[in-house]
């Protein structure tokens, strides 16, 4: 499994609803509210061999209220 970090921009006033839905779907190991360009930061673990883009599209990006996402893949932990 590899950790992937995903930042989400939400429609104004929808951040808590988006966070609640992501929590309900049980896809994130960690979920934070953030300041700046994006509203939420998620840490998810994706099984080796799973298509990252498909995983994000099917489990995260389609949450009502999500406007944009930014995904950061990880390679090595130090």
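The values are calculated or read from the model by the stated rules, or taken from the named source; none is laboratory data. Keep in mind the model is a prediction, meaning the values are calculated, not measured. When we count neighbours, we look across all protein chains shown, and the Cβ atoms used for this are built from the backbone with ideal geometry, even at glycine.
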Q) If you scan region 44-65, which residues turn out to be in contact with a helix residue (DSSP H, G or I) (Cβ under 6 Å, 6 or more places away or on another chain) and within 15 Å of residue 14 (Cα to Cα)? A) 63, 65
Q) Out of the residues in region 52-70 that are part of a strand (DSSP E or B) and surrounded by 16 or more Cβ atoms within 10 Å (Cβ to Cβ), which is nearest to the chain's Cα centre (by Cα)? A) 69
Q | Residue satisfying condition, being in contact with a strand residue (DSSP E or B) (Cβ under 8 Å, 6 or more places away or on another chain), outside any strand (DSSP E or B), surrounded by fewer than 18 Cβ atoms within 10 Å (Cβ to Cβ) and at pLDDT 95 or above, within set 16, 23, 32 | A | 23
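State whether one or more residues within region 38-51 are in contact (Cβ under 8 Å) with a residue 60 or more places away in the chain, assigned to a loop (DSSP other than H, G, I, E, B) and in contact with a strand residue (DSSP E or B) (Cβ under 9 Å, 6 or more places away or on another chain).
Scanning region 38-51 turns up no residue that is in contact (Cβ under 8 Å) with a residue 60 or more places away in the chain, assigned to a loop (DSSP other than H, G, I, E, B) and in contact with a strand residue (DSSP E or B) (Cβ under 9 Å, 6 or more places away or on another chain).
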